Amino acid sequence: MKIYYLLPLLFMVFISCVGDVSKKMDILQIDKDFRNGKLDESKEAIDKLLMEEQKNEYVWTMAGHIYSNLDKDSLAGVYYNKAISINANTEEAMTGLGILARKEENYPKAVDYYQKAIKINPQYAQAYSSLVSIHLLQREFKDAVDVGEKAFHLDKADPVIMANLSVAYHYYGDTIQRNKYYKLAKNNGYRNLESLQGIFEDELSLFD
């Protein structure tokens, strides 16, 4: 199962830093396309925006997210590192590098990046939620639940956090809480409900 990572707060932070109304509209469209799974459209738009906003770490981070979801991990890593070179305290890019390390199954490296992101911003819910997947893959189900609850406490609007926590409760054996967070993820627009259902019905597994 691919646990997607959308960083819903990133775009709002970037938009608040841009004075040009037309660029704000461009960013909102990239955000919309990205959330709706239109990755080719997002890629084309972010490539254009990169040429215009080369000194903005948020644009590079956005590019990293898009290219990571396109499984172009080498380029995603370049973009995340570019963001960090502009601003070493870019927790979104640091977490993105953690996700790339997780995809390579380098879990200690992934955890290191997530912990660096949390050190930069202890309130950054998405870094905690990313740790859920590491604990699950290492079969540390109680730890996955605990850190997932921490993420949800910090951000109760992110459907990815809800979905990750639902999976954590599934493997922990608490179907009541699993169903609670599944319903929240569904009601908040989580895109990969079929994958969640496959896990719950033992048709899919994190451990294949």
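The values are calculated or read from the model by the stated rules, or taken from the named source; none is laboratory data. Bear in mind the structure is a predicted one, so any value in this text is a computation, not a measurement. Here the Cβ is made from the backbone with ideal geometry for all residues, glycine too, and neighbour counts use every protein chain on show.
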Restricting to the range 109-138, name every residue that is without any contact (Cβ under 8 Å) to a residue 24 or more places away in the chain and part of a loop (DSSP other than H, G, I, E, B). P122
Hits in the range 37-57 - residues which are in a loop (DSSP other than H, G, I, E, B) and without any contact (Cβ under 8 Å) to a residue 24 or more places away in the chain: K38, Q54
Before we move on, is E92 charged (D, E, K, R) and buried (at least 24 other Cβ atoms within 10 Å of the Cβ)? yes
Only unsatisfied item for F141, checking (1) surrounded by 21 or more Cβ atoms within 10 Å (Cβ to Cβ); (2) closer than 21 Å to G98 by Cα, is (1)
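Of the residues that sit in the range 74-98 and are of a type in the set (S, T, Y) and under 11 Å from Y113 (Cβ atoms), which one is farthest from the chain's Cα centre (by Cα)? Break it down stepwise before answering.
The first filter runs over the range 74-98 and keeps only residues of a type in the set (S, T, Y), leaving 74, 79-80, 85, 90, 95.
Checking which are under 11 Å from Y113 (Cβ atoms) leaves us with 80, 95.
Details: Y80: 13, T95: 8 Å.
Per the stated criteria, the residue is Y80.
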A168 fails exactly one of (1) in the same structural domain as L196 (by TED's automatic domain parsing); (2) touching a helix residue (DSSP H, G or I) at 6+ places or on another chain (Cβ under 6 Å); (3) outside any helix (DSSP H, G or I), namely (3)
Only one of K82, K119 is surrounded by fewer than 22 Cβ atoms within 10 Å (Cβ to Cβ) and more than 27 Å from L49 (Cβ to Cβ). Can you tell me which? K119
Top-ranked residue of the range 57-73 - restricted to ones that are surrounded by fewer than 19 Cβ atoms within 10 Å (Cβ to Cβ) and touching a Leu at 6+ places or on another chain (Cβ under 9 Å), ranked as nearest to K119 (Cα to Cα): D73
When restricted to Y107, Y114, Y169, the only residue surrounded by fewer than 20 Cβ atoms within 10 Å (Cβ to Cβ) and of a type in the set (F, W, Y) is Y107
